[in-house]
1. How many of the residues making up the range 10-35 are modelled with pLDDT under 85 and out of contact with any Lys or Arg (no Cβ under 8 Å at 6 or more places or on another chain)?
2. Of everything in the range 30-53, what is of a type in the set (Ser, Thr, Tyr) and in a helix (DSSP H, G or I)? Give them in sequence order.
3. Which numbered condition in (1) modelled with pLDDT of 85 or more; (2) farther than 24 Å from Met1 by Cα; (3) loosely packed, with under 10 Cβ neighbours inside 10 Å is the only one that Gly49 fails?
Amino acid sequence: MVLQHMFDFINLYQNQFPDEMWHDTREATDNEVDVLLMTLMLKFFSELGISLG
């Protein structure tokens, strides 16, 4: 169920992500991955009506 929500979320918002995010082939640092995940997860939970703060 969570995976389906994540799939739907990415499909809905992927056009709003910067193009370089989809075409960047360099290796991301751990910090960059953490920042990206936090950004996406906060928006994802917000869309589901789940408050984390």
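1. Count: 17.
2. Residues satisfying the conditions are Thr39, Ser46.
3. (2)
The values are calculated or read from the model by the stated rules, or taken from the named source; none is laboratory data. Note that the structure is a prediction, hence the values are computed from the model and not measured. Methodologically, a virtual Cβ is constructed for each residue, glycine included, from the backbone with ideal geometry; neighbour enumeration extends over all protein chains shown.
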